[in-house]
Amino acid sequence: MSEYDKSGTVPHPERKVIRLGYVGGGFMAQHVHLPNFSSLSDCRLVALAENRADLGPQVAKRFGIPNVYHEHRDLLDASDIDAVAVSADYAQQGEIAADLLRAGKHVFMEKPMAVSVEQATKILQAERAGGARLMVGYMKRYDPGNRLVRQTVREWNQNRSKGKLLLARNHGFCGNWLVGLDTSRMIQSKEALKPVSSDSLLPKWLPANHRENYVAYLQQYTHNVNLLRFILDISRLEQVEVRNVDLDDDGFTGIVTLQLGGTRCVIESGKTQFHSWEEQTQIYFEGGWVRAWPNPLFAQPSYCQVEIYEGGESAGYQYPVPQPASAWHYREEAAHFLLCLKNGSPFDSSGEDALLDVSIFEEIYRRHLNAA
C-alpha cells in the first residue's frame, strides 16, 4: 500500500512536517524529486543548494523554496533543516551525502550510492558518525507492481505450491528513457557545471580506459541487480556469488549470471534505439512464473504490469492491477523517505543495503576485465 492516502496525508498521529533541503537544480531535481517532495503535505522545502548562480534562484522560485545557497556545505549547520535530498554527479553525490550525514542531516540520494566499495564504506562511516540515516533512491523497490511480484514469490516459496524456484531473469535493453516526458519547461543554465575529477573515488584497480564504461554500466544496472535482490530477499554478501560475466568490449552489453541465495539469476544488458523503454523481470518456478514489465519511466500514474502464470490441469494467466493504481514509483519513494523519518522505521533501500550492490558491480567488472 502507499504511505499516503488520496489527500496526500501520512496516516501517522504526529503529523510532523519534515523540513527538507535539496542539493542540485538539474534534470532529476526539476522533473522528479522537487515536484514530488513539494506535492507531499508533510514536507516543506526550505532550502536549495545549487552552484550555478543563474539556475538556483529560478528553480527555487518555481518550487516555492525560500532559501537559496551556493553549495551543499551551506546547509550543514542550518538548524531549520531536518533532512536533505541530493541529485548530482554519479560519484560526487556520495561525497555530498557524506558531508551532510556527518553533520547529522538525514539524506535521500540518487543511485548509485557510490562508485567504489571504498567510497561506500566512507559514506556509511559518515552516517554512523553523524547519527543520521541514509536512503538510496532505488525507485523500482517502491513500484506497486514489483512489490506484488515480491509478495507472490514469497508466497510461492513458503507454500511450495509451485515447486522449485528455477531462475530469476532481468532483461534491460533500455531505449528512450525520456519517452512521454515534456522537457520544454526545464530551466536551463548558461553557466556550465564546474569540472570535478572523480578518479580518486573509483576503484583503485580499475584502469583509466575503462572508467567511463564502468560508471555507465554501474549507474544503469545497479537498479536491476538491486531489484532482483529485493524480490528474492537477498541482503547479505555471503548470499551473493558472481558466477559468469560475458560483456562486450563496451563493458555494457552482454549477460551476467549471479547466484542469489541459491537462485540462478541472469542480467541481460544492452543499448538499443527502441522508441520506448524495454525491460522486464521474470521469476520462474517449476509450476508457474511471475513477470513484470514497467511502463515508460515518466508515465503518471505508472506501475509495472504484472503477469502471473500457473500451470497444471487448470493452467491460466492472471493480470492483476497492482495497488495503489494511482502510484508513481518516484513519488512513492519520496513518501517512504518522509514516513520513515517520522516513525523511525527502517528504509527499504538503506545505505547499508546499497553497499552490497557496489560490491557486486566491482566484482562483475573485475571478472569482465580479467576475461578481456
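Filter segment 155-173 for residues that are within 22 Å of the chain's Cα centre (by Cα) and either at pLDDT below 95 or closer than 24 Å to GLU352 by Cα (or both) and give the result.
To start, the set of residues in segment 155-173 that are within 22 Å of the chain's Cα centre (by Cα) comprises 168-173.
Within segment 155-173, ALA168, ASN170 meet the criteria.
Could you go through segment 73-84 and let me know if any residue there is within 22 Å of TYR330 (Cα to Cα), surrounded by 23 or more Cβ atoms within 10 Å (Cβ to Cβ) and touching a residue at least 60 places away in the same chain (Cβ under 8 Å).
Scanning segment 73-84, I find at least one residue that is within 22 Å of TYR330 (Cα to Cα), surrounded by 23 or more Cβ atoms within 10 Å (Cβ to Cβ) and touching a residue at least 60 places away in the same chain (Cβ under 8 Å), so the answer is yes.
If you take just the strands (runs of 3 or more DSSP E) that sit entirely in segment 178-275, which of them hold at least 3 residues that are in contact with an Asp or Glu (Cβ under 9 Å, 6 or more places away or on another chain), surrounded by 12 or more Cβ atoms within 10 Å (Cβ to Cβ) and not acidic (Asp, Glu)?
Values: elements: 240-247, 254-260, 263-269.
Where strands (runs of 3 or more DSSP E) fall fully within segment 178-275 and carry at least 3 residues being in contact with an Asp or Glu (Cβ under 9 Å, 6 or more places away or on another chain), surrounded by 12 or more Cβ atoms within 10 Å (Cβ to Cβ) and not acidic (Asp, Glu), they are 240-247, 254-260.
Given segment 288-372, what strands (runs of 3 or more DSSP E) lie entirely inside it while holding 1 or more residues that are assigned by TED's automatic domain parsing to the domain that holds LEU166, touching a Cys at 6+ places or on another chain (Cβ under 8 Å) and surrounded by 15 or more Cβ atoms within 10 Å (Cβ to Cβ)? Let's see the steps before the verdict.
Working: elements: 288-293, 305-310, 316-318.
The qualifying strands (runs of 3 or more DSSP E) are 288-293.
Going through segment 160-214 one residue at a time, which ones are basic (Lys, Arg) and in contact (Cβ under 8 Å) with a residue 40 or more places away in the chain? I'd like the intermediate steps shown before the answer.
Residues of segment 160-214 basic (Lys, Arg): 160, 162, 164, 169, 185, 190, 194, 204, 211.
Those that are basic (Lys, Arg) and in contact (Cβ under 8 Å) with a residue 40 or more places away in the chain: LYS162, LYS164, ARG169, LYS190, LYS194, LYS204.
Condition test on ALA129, is it under 25 Å from TYR365 (Cα atoms), surrounded by fewer than 24 Cβ atoms within 10 Å (Cβ to Cβ), in the same structural domain as MET28 (by TED's automatic domain parsing) and in contact with a helix residue (DSSP H, G or I) (Cβ under 9 Å, 6 or more places away or on another chain)?
no
The values are calculated or read from the model by the stated rules, or taken from the named source; none is laboratory data. Since the structure is predicted, the reported quantities are computational estimates derived from the model, not experimental observations. Virtual Cβ from ideal backbone geometry, glycine too; neighbours counted across all protein chains shown.
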